[in-house]
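S.K.: Below are the structure tokens for one structure; questions will follow.
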Amino acid sequence: MKNYWIFTLLLLAFAISGCKDDTPDVPANPAFNMNFHATYNGEHVVKFKAYDYDTMSVKWTRFNLYVSDIVLLKGAEEVPFSEIAYLNFTPDNASDNDSKTVNLRSTEIPAGDYTGIRIGFGVKPELNAKKPADYPTDHPLYNESEFWPGWSSYIFSKVEGSADTDKNGTNDLDLVYHTGGNQTYKVFTFNHPFTVGAEGGDMHISLDLKKLFTFDGQLFDIVAVPSSSHGQSGIDLMETLQDNYDNAVVFE
């Protein structure tokens, strides 16, 4: 009788295994990750580290920005990815000076081949028309430190640091580049083919500060043009920098 029951259990186990679906498991919500990095001349940014800047050296201490309406492109088809995101590469509460990778994640991106991506740099006008108190506490725009009442605008980006203008070991020039205001909001389309697989995928985008400050092959003159000017020259400079995010984007 004992052998009979053992034989019966073996037959049952074989029957169950024979009915198993051989179709590979596919995640119910495959994730597509967009990872943003801060770099300088292709090198990962570290706060307070000296980087060559023409005949000078610079140290970066802050780099953050808003991006709006990130859209993935499949030819003429547009697939929304993110309406608004805050990329803070240098958070104040970080445990070290390494700039941080900022990950944006979506589980609503269809698999397939894509031809490019469109990104708005700054806060798009419809969102910029509101104030932090108008947003829920978990919203990227519920951040009073990134809103400037004098501009009636969010601060689209902050790049801060200092320069050692004669490389004598002492940083003698403060660098404060803030942008904001609807007129400085810029949208760029990048032709960058990529594929989202059945299980999602990853994209890596670097924002290179050296490229951001390079115009027609020449580094911006950080000595001749005051960085923190809020007059008309400051507005012109803000637009100039915002226009150059097209140049600063590097796909890895």
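Every number in this text was worked out from the coordinates using simple rules, so none of it is lab data. Because the structure is a prediction, the values reported are computed rather than measured. Backbone-built Cβ (ideal geometry, glycine too); neighbour counts: all protein chains shown.
S.K.: May I ask you to order 191-204, 159-172 by the average number of other C-beta atoms within 10 Å around their residues, highest value first?
M.R.: Highest mean packing first, the order is 159-172, 191-204.
S.K.: Shape call for the stretch 135-236 from the C-alpha gyration tensor, a ≥ b ≥ c root eigenvalues: rounded (a/c under 1.5), prolate (a/b greater than b/c) or oblate?
M.R.: Cα axes put the stretch 135-236 in the oblate bin.
S.K.: Sticking with this one: What's the local net charge at residue 116, with K and R +1, D and E -1, over the other residues with C-beta under 15 Å away?
M.R.: Summing Lys and Arg as +1 and Asp and Glu as -1 gives -3.
S.K.: Treat the count of other C-beta atoms within 10 Å as a stand-in for reagent exposure and order 146, 108 from fewest to most.
M.R.: 108, 146
S.K.: For the chain, what proportion of DSSP beta bridges, expressed in % and rounded to the nearest 5, is antiparallel?
M.R.: Taking every DSSP beta bridge with both residues in the chain, the antiparallel ones total about 85 percent.
S.K.: Could you work out the pair-distance distribution P(r) of the stretch 57-201 from its alpha-carbon pairs, with 5 angstrom bin width and percents rounded to whole numbers?
M.R.: 2, 9, 15, 17, 16, 15, 13, 8, 4, 2, 1, 0
S.K.: Another question, if that's okay. What's the center-to-center distance, using Cα atoms, between the stretch 168-216 and the stretch 78-128 in Å?
M.R.: Centre-to-centre (Cα) distance: 11 Å.
S.K.: So for the chain, Kirkwood radius off the Cα pairs, Stokes-Einstein at 4 °C and 1.567 mPa s: how many µm² s⁻¹?
M.R.: 62
S.K.: Right, something else. Which net charge results when you count Lys and Arg as +1 and Asp and Glu as -1 among the other residues whose beta-carbon is under 15 Å from that of residue 179?
M.R.: So the environment of residue 179 carries a net charge of -2.
S.K.: Just rank 246, 221, fewest to most, by other beta-carbon atoms within 10 angstrom.
M.R.: With the sparsest Cβ surroundings first, the list reads 221, 246.
S.K.: Ignoring everything except DSSP H segments at least 4 long, calculate the 222 nm mean residue ellipticity for the chain; use -39,500 (n - 2.57) per segment, divide by total residues, nearest 500.
M.R.: -4500 deg cm²/dmol
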